1. Hey, rough spin-label estimate for residue 134 and residue 61, points 7 angstrom out along Cα→Cβ, what's it come to in nanometres?
2. Could you tell me what a quarter of the Cα convex hull surface of the range 8-112 works out to, in nm² with one decimal place?
3. Order these by the 10 Å Cβ neighbour count, fewest first: 137, 32.
4. Hey, could you get me the Stokes-Einstein D for the range 118-184, Kirkwood radius over alpha-carbon pairs, 25 °C and 0.890 mPa s, rounded to whole µm² s⁻¹?
5. Relative contact order, percent, of the range 118-184 when contacts are C-alpha pairs under 8 Å separated by at least 6 residues?
6. Taking 8 Å as the Cα distance limit and 6 or more residues as the minimum spacing, I'd like the relative contact order of the range 8-112 as a percentage.
7. Kindly provide the helix-only [θ] at 222 nm of the chain, computed as the sum of -39,500 (n - 2.57) over DSSP H runs of four or more divided by all residues, to the nearest 500 deg cm²/dmol?
8. Taking the structure as given and computing Rg and Dmax of the Cα atoms in Å, which label from (i) 17.3, 50; (ii) 15.8, 46; (iii) 41.7, 136 fits?
C-alpha cells in the first residue's frame with residue numbers, strides 16, 4: 001500500500017458506501033474488501049478520516065435502498081441470490097444503515113460542516129473547463145459526455161481537500177482521472 005504522508009485523510013461517498021457494504025461472511029461488492037482493508041490500514045497507522053457533512057447528506061438523500069438497487073442493476077454486487085427479493089434487500093439495507101451509524105460513532109471518523117468560498121469553487125470550475133483538449137478527449141469518450149466538469153459535490157470535495165490540506169481518497173473517476181493535474185495546480189495534496 002502506498003505511503004500516506006498525512007495522518008488525516010478525506011473519504012468520498014463511494015469509499016464510505018463500499019466500506020459499509022462489508023459483511024462478516026462474504027464479500028458483497030468487489031471494492032468493499034479493498035475499502036475495508038484500506039480503512040483498517042489507516043486506523044492501525046493512527047490516521048483520522050474526515051468527511052464533510054455534505055457527503056453524508058448525499059448518501060442519506062440518495063437513500064440506501066436506491067444505492068443497493070443501483071449496485072444490483074449494474075452487477076456490482078457479488079454472491080447474491082438470483083433475483084434478490086425484497087426481504088433480502090431490506091436486510092441488506094438494515095445492515096448498511098447500522099454500519100453507517102457505527103462508523104459515525106468511531107473516534108477516528110469525523111463529520112465536519114464545510115462551506116467552500118465561491119472564489120475557490122470558481123477556480124476549480126475554471127480548472128476543469130480550461131483543461132487541454134488532449135487531456136480530456138479520452139475522458140469524455142469514457143464518460144460519454146461533453147463536459148469534463150464533475151458534480152458540484154465533487155468540486156466541493158476537492159475544495160475541502162485543498163483547504164484542509166489532507167489527501168482525498170476517492171475512486172470517483174471524475175476526480176481520479178485528473179488527479180495529476182489537480183496536484184500540479186495545487187488543488188489537492190494527493191489523491192489515492
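All of the numbers you see were taken from the coordinates with simple rules; none came from a lab. Given the structure is predicted, the values throughout are model-derived calculations rather than measurements. Ideal geometry is used to build each Cβ from the backbone, glycine not excepted, and the neighbour counts take in all protein chains shown.
1. 3.9
2. Quarter of the Cα hull surface area: 6.4 nm².
3. 137, 32
4. 200
5. In percent, rounded to a whole number, it is 32.
6. Numbers: 96 pairs, mean separation 39.1, N = 105.
Rounded, it is 37 percent for the range 8-112.
7. On the way: 10 runs with 109 residues, N = 192.
Value at 222 nm, helices only, nearest 500: -17000 deg cm²/dmol.
8. Read-out from the structure maps to (i).
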